[in-house]
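Here is the structure we will look at, set down as C-alpha cells.
Since every read-out is calculated from the coordinates, none of them should be taken as a lab result. None of these values were measured; they are calculated from a predicted model. Don't worry about glycine lacking a Cβ; one is built from the backbone with ideal geometry, like all the others, and counts go over all protein chains shown.
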Amino acid sequence: MFERFTADARLAVVEAQIVARESGSVEISPAHLLAGLVKTGVPLLTELGVSTEDVAAELARTRRRGGVSDADAEALTEFGINVEQIVERVEETHGAGALAGRLGPAKRGHIPFTSQSKKTLELSLKEAVRLGDKHLGQEHILLALAQQRGTDDVLARRGADYVTLRRVVQQRKAG
C-alpha cells in the first residue's frame, strides 16, 4: 500500500512514528497520524484557516491528560469535574506527564499501527480510489482521520469536518 503514497504522505507517516516513539507509545494511533500530518504541514488545513499549531497543542493536551480530549474535558466540567486540577494533582504525586506515561519501553525501529490506525490508512486508500486518484496523499489521510473517533472531533471543532474537507478536495480537483 505504501508504494501509492506521495512523498508528503509518507513523511507524515514517518513523523507519526517519531511522535509515537517520543511519547513512549508502543503503537501508532490515529492521533499520532494526525500529529505527524500537522508536523509536516497540511496545505488543505491551511486553506481552511486551521492552525496546525493549535491542532498540535490540543493533541499534546489530550496526551498529557491521558486521552481526555478538550471536548471531553468541557463535558466533564458541566458535571463539576475539573480535568486540569486532576491532572495537576496526579502530576504532583507522580511527576510531569504521569497520565501520558510511557506505555512501554522506548522502542527503536518499527512501531506497529493500532487497528484503528490501520483502518485509517485503509480508509485513506478508499478515499483516493473514490476520488479517482492514483496516489494517496495527505488529503486522503486527512479525510480518513475526519472519520475516526477522537481525531474527527479535533478537526471538526476547527471547521475541518469530513463534509467540509471532502468538498474542498473535490473543488481542488475540479479546478
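Observations on the structure shown:
- Computed about the Cα centre, the dipole magnitude for the range 59-160 is approximately 580 debye when only Lys and Arg (+1) and Asp and Glu (-1) carry charge, each at its Cβ.
- For Leu136, distant residues with modelled amide H under 5 Å away: Phe5, Thr6
- Only one of [x] 113; [y] 98; [z] 147 was calculated from the structure for volume of the Cα convex hull per residue in Å³, and its label is [x].
- Calculated [θ] (222 nm, deg cm²/dmol) that DSSP helices of n ≥ 4 give over the chain, each run adding -39,500 (n - 2.57): -18500 deg cm²/dmol
- Dipole-positive endmost among His32, Ala7, Val90 within the range 1-154 (Cβ charges, Cα centre): Ala7
- Overall form of the range 1-54 per C-alpha gyration tensor (a/c, 1.5; a/b vs b/c): oblate
- FRET efficiency, 1/(1 + (r/R0)^6) with R0 25 Å, evaluated for Ala71 and Val163 via beta carbons: 0.85
- Residues whose amide H comes within less than 5 Å of that of Phe113, counting only those at least five positions distant or on another chain, are Ile28 (H built at 1.01 Å from N in the peptide plane).
- For the options Thr164, Thr46, Thr62, a Gaussian network treatment of the chain with springs between C-alpha atoms closer than 10 Å singles out Thr46 as fluctuating the most.
- Top of Gln17, Gln138, Gln85 by mean-square fluctuation, Gaussian network on the chain, Cα under 10 Å: Gln85
- Placing +1 on the Cβ of every Lys and Arg and -1 on the Cβ of every Asp and Glu, with nothing else charged, gives the range 106-174 a dipole about its Cα centre of roughly 120 debye.
- In sequence order, calculated HN-Hα J values of the range 89-100 (Karplus, 6.51, -1.76, 1.60; Hz; x Gly/Pro): 5, 4, 5, 4, 7, 10, x, 4, x, 4, 6, 6
- Computed about the Cα centre, the dipole magnitude for the chain is approximately 760 debye when only Lys and Arg (+1) and Asp and Glu (-1) carry charge, each at its Cβ.
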